[in-house]
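For reference, the structure is listed below as structure tokens.
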Amino acid sequence: MVDFPGYNLSGAVASFLFILLTMKQSEDFRVIGPAHPILAGVGEDALLTCQLLPKRTTMHVEVRWYRSEPSTPVFVHRDGVEVTEMQMEEYRGWVEWIENGIAKGNVALKIHNIQPSDNGQYWCHFQDGNYCGETSLLLKVAGLGSAPSIHMEGPGESGVQLVCTARGWFPEPQVYWEDIRGEKLLAVSEHRIQDKDGLFYAEATLVVRNASAESVSCLVHNPVLTEEKGSVISLPEKLQTELASLKVNGPSQPILVRVGEDIQLTCYLSPKANAQSMEVRWDRSHRYPAVHVYMDGDHVAGEQMAEYRGRTVLVSDAIDEGRLTLQILSARPSDDGQYRCLFEKDDVYQEASLDLKVVGLGSSPLITVEGQEDGEMQLICSSDGWFPQPHVQWRDMEGKTIPSSSQALTQGSHGLFHVQTLLRVTNISAVDVTCSISIPFLGEEKIATFSLSESRMTFLWKTLLVWGLLLAVAVGLLRKRR
């Protein structure tokens, strides 16, 4: 094999595009495809077809299936064999060339186990010598997910809150509520998220003011298949269940934890009740994905947020009294914020909110001097590792605030802040200042002091020390020569 200097993939793409542009489009050489989109369900096989006109064998014609770039094809068939060198990685082993009809110019490509990522436009491209032709076709992928589940929160002052959840849908589904008469009800919030497989989870929340004699339905609709699934909940019936009369309690004050420490999130039922047969869920703002889910005596890993995997431990030694503690290992700035703790049984749940404040006390400030000339001096105070955004101040020796010339706060990849503030001093005859960095609600600060007189004294001692060392070396050399 010969290596050509400067030849790379971009060059190959440019060459391929040049060839396409220089090819001839023959009036007697046409490619046609399906008149309508091809519909395929998630997990099914899809058959993409196109035809060369006038009808003739395509045994020695190159047929290329691609999506956005011809240079990265889904499949290439040339001179009776499959060409795999440039094939898209995600289609290797998942596509099959169908030989039937090749003698009459009909070609077909089967894609196995259709996934949401296969949804979209495809191109069927023929090339015969200097002649080419192509057509596009649309593959619509659809998936009917789970029937909706309706979760009811125990009655509160504003009424009863219902949360409808469904997962495994594609494309993004429509969710709506209906009363017993079939009239639409307005949801107070909606949430949708696409998982790693490309399927949608949907969540819609409804508040019912009068729950005395109401049945409510939640319906999830697939716009491509024009099909839907629904569930009904009878509110009076659910209000008689065990959890409707219980409460969930958590810490009344914010939980304060430093970066790197372990977090303890504790909540409990009141009055005491055995929670072994209940689902207990810690989440942030929505039910899915969650921080941690306990169900049937075990952790449900499939519902956990990626950033908490391997970091949560459930302490359940008091579960028979309805008390559980979730331990989150090694607190990060991203853990800061609101959490919810939910106990659920028979689709009825109670919840408590927990407020977590993560703090990072950074390094002690360092003051450096820049540009000392013409009676002016620039002092730069810097520090790393703060969270949340700290308060930075220059003060004189009497404690009075001195306005900074400029200030910069930058957040690193781990969420911690780097602080840099600049103070320009015009009268350097007597400079004595402090740089203070603090977390206000924590009541702690770190201070660095700069004194020009001390700085000069330190410089004098360092100078004397250097000259002393040089003198000692010189005396030593003289003695050695003698």
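First check a/c for segment 209-268, with a ≥ b ≥ c the square roots of the eigenvalues of its C-alpha gyration tensor; if it is under 1.5, answer rounded, and if not, answer prolate when a/b is larger than b/c or oblate otherwise. Before the final figure, lay out each step's value.
Details: a/c = 4.21, a/b = 1.61, b/c = 2.62.
Since a/c reaches 1.5 but b/c is at least a/b, the shape of segment 209-268 is classed as oblate.
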Rh by Kirkwood over Cα pairs, then Stokes-Einstein D for segment 254-306 at 1.306 mPa s and 10 °C, µm²/s:
123 µm²/s
For segment 176-266, give the percent of accessible area contributed by carbon and sulfur heavy atoms, probe 1.4 Å, rounded to a whole number.
48 percent
Using a 7 Å offset from the Cα along the Cα-to-Cβ direction at both ASP355 and LYS140, what is the distance between the two label points in nm, to one decimal?
4.9 nm
In degrees, nearest ten, helix 9-22 long axis to first principal axis of the chain (Cα)
40 degrees
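Could you list the GluC sites (Glu not before Pro) in segment 80-119 that lie in coil according to DSSP, counting only those with at most 16 other Cβ atoms within 10 Å of their Cβ?
On the way: sites: GLU82, GLU85, GLU89, GLU90, GLU96, GLU99; in loops: GLU85, GLU99.
Those that pass, being in a loop and sparsely packed, are GLU85, GLU99.
Using the Cα gyration tensor of the chain, with a ≥ b ≥ c the square roots of its eigenvalues, what is the shape: rounded (a/c below 1.5), prolate (a/b larger than b/c) or oblate (neither)? Spell out each step's value before the answer.
Details: a/c = 3.00, a/b = 1.28, b/c = 2.34.
It is oblate, given that a/c is not under 1.5 and a/b is not larger than b/c.
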Row for segment 182-293, column shape: gyration tensor on C-alpha, a ≥ b ≥ c, rounded if a/c < 1.5 i.e. under 1.5, prolate if a/b over b/c, else oblate; value oblate
Given only helices, namely DSSP H runs of n ≥ 4 each adding -39500 (n - 2.57), what is the per-residue ellipticity at 222 nm of the chain, to the nearest 500 deg cm²/dmol?
-3500 deg cm²/dmol
What is the helix-to-structure angle for 452-481, meaning the angle in degrees between its Cα long axis and the longest Cα principal axis of the chain, kept from 0 to 90 and rounded to the nearest 10?
80 degrees
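May I have the count of lysine pairs in segment 76-233 with C-alpha atoms under 21 Å apart, counting pairs 8 or more residues apart or located on different chains?
Number of lysine pairs found: 4.
Stretch ASP45-ILE447 to full length: gain in nm at 0.36 nm per residue minus the Cα-Cα span?
Values: separation 402, 0.36 × 402 = 144.72 nm, distance 6.69 nm.
Here the answer is 138.0 nm.
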Please give the FRET efficiency for GLU261 paired with GLN420, using the beta carbon to beta carbon distance and R0 = 35 Å, rounded to the nearest 0.05.
0.85
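Where only protein heavy atoms count, and the probe is 1.4 Å, what is the accessible area per residue for the chain in Å²?
Here the residues of the chain average 54 Å² of exposed surface.
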What length, rounded to one decimal in nm, is gained on full extension from GLU96 through to ASP128, with 0.36 nm per residue of separation minus their alpha-carbon distance?
9.3 nm
Isolated cysteines for the chain, Cβ-Cβ cutoff 4.7 Å, are CYS132
Any idea how far apart ARG181 and VAL83 come out in nm if each label point goes 7 Å out from Cα toward Cβ?
6.7 nm
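Among DSSP beta bridges lying fully in the chain, give the percent that are antiparallel, nearest 5. All intermediate terms of the calculation are to be shown ahead of the outcome.
Working: 138 of 150 bridges.
Percentage antiparallel, nearest 5: 90.
The values are calculated or read from the model by the stated rules, or taken from the named source; none is laboratory data. Treat the numbers as computed from the prediction; the structure is a model and nothing was measured. As a convention, Cβ positions derive from the backbone with ideal geometry for all residues, glycine included, and neighbour counts pool all protein chains shown. Ligands, DNA and RNA are stripped out before the accessible areas are found, and what is left, the full protein with its side chains, is counted by its heavy atoms. Shrake-Rupley method; radii C 1.70, N 1.55, O 1.52, S 1.80 Å.
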